[in-house]
Amino acid sequence: MMKLMERIRSAPGHVALYYRPLEGGCAQMFNADEPMLAASVIKLPIMVEAFRQFETGLCAPDEKYVLREQDKLPSCGALNCLHAGLELTLMDLVALMIVLSDNTATNVLIDRLGMENINATMADMGMRQSVLRRKLFDPAGRAAGIENTVSAREIGALLEGLYAGELVSPEASAKMLELLRNQKLNGKLPFYLKPRGIPVAHKTGEDDGITHDVGIVYAPQPFVLCMLSNETDVPAFERLIQDAARELADMNG
């Protein structure tokens, strides 16, 4: 662990780490309380708010939404490649947002759930550095310096709550973990682990100079690992994420 922490401290740019064994043990942290540009990691609290609203009846998982041409956003996901008029459920949108990191699905959900509700739920969970301030691909907001942020410790606590079955309800927590285990973007935390049959429930994030992966590694002794980076050497930090997950899985084997 000492060598890993040395590599984290010497990584280029602004980086953060939060690691905690889930069956007891000491946490290790570096810059864990620093607000970091969130990229797609902000989709985790959006998912939590969706399940909260499903549970309380504010909306229903089978509520229909019809895709519009103006909804479509570039980059991650599938909806930007599909036809306008496609009928989806809110649960479909949540699944696309997590499993394929679909940006179109994310913005539709932000509008339906309400940004203020998402932030209120984050605040109720004790999050102070993690804030949704704008929708994705908002060039005017970005130009004005309005950015979504997360911290490694707060996202780690969210994942710990899911593992314990404490977010929304045990059933909702289990469903959210199932979505995270079905993540299709597996080049970081699961890179060395997936071939070994070690499941990882995780969410990535990418943007210019940004690469994140946060998740639960189901080693024989499961653990949470959140690694965030801004203004970094993306390929180098992604190799570090891969190596860290492998080293910690071996340590918890």
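The values are calculated or read from the model by the stated rules, or taken from the named source; none is laboratory data. As the structure is a prediction and not an experimental result, all values here were calculated from the model. Here Cβ is always computed from backbone atoms with ideal geometry, including for glycine, and neighbour counts include all displayed protein chains. Note: accessible area is taken over every heavy atom of the protein model, side chains too, but ligands, DNA and RNA are not part of it. Shrake-Rupley method; radii C 1.70, N 1.55, O 1.52, S 1.80 Å.
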**Asked** Any residue at all in the stretch 44-54 that is touching an Asp or Glu at 6+ places or on another chain (Cβ under 6 Å) and open to solvent by 50 Å² or more (accessible area, probe 1.4 Å)?
**Response** no
**Fill in**
Within the stretch 38-63, residues among the charged types (D, E, K, R) and within 27 Å of residue 232 (Cβ to Cβ) come out as 43
**Message:** So if I check each of 164, 201, 174, which one is small (Gly, Ala, Ser) and in contact (Cβ under 8 Å) with a residue 12 or more places away in the chain?
**Reply:** 201
**Message:** Of everything in the stretch 21-36, what is more than 14 Å from residue 131 (Cβ to Cβ) and either free of Cβ contacts under 8 Å to residues at least 24 places away in the same chain or open to solvent by less than 60 Å² (accessible area, probe 1.4 Å) (or both)? Give them in sequence order.
**Reply:** 21, 22, 24, 25, 26, 27, 30, 31, 32
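Looking only at helices (runs of 4 or more DSSP H) that fall completely inside the stretch 37-121, which ones have 3 or more residues that are within 24 Å of residue 145 (Cα to Cα) and in contact (Cβ under 8 Å) with a residue 12 or more places away in the chain? Even if it seems obvious, please write down each step before you answer.
Numbers: elements: 43-56, 90-99, 103-113.
So the answer is 43-56, 103-113.
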**Item:** Where residue 65 falls short, out of the listed (1) open to solvent by 60 Å² or more (accessible area, probe 1.4 Å); (2) more than 23 Å from residue 209 (Cβ to Cβ); (3) touching a strand residue (DSSP E or B) at 6+ places or on another chain (Cβ under 7 Å)
**Value:** (1)
**Prompt:** If you take the residues in the stretch 1-20 that are open to solvent by less than 50 Å² (accessible area, probe 1.4 Å) and within 19 Å of the chain's Cα centre (by Cα), which one is nearest to residue 210 (Cα to Cα)?
**Reply:** 15
**Residues of the stretch 213-253 that turn out to be within 18 Å of residue 31 (Cα to Cα), surrounded by fewer than 21 Cβ atoms within 10 Å (Cβ to Cβ) and touching a helix residue (DSSP H, G or I) at 6+ places or on another chain (Cβ under 7 Å), as a count** = 0
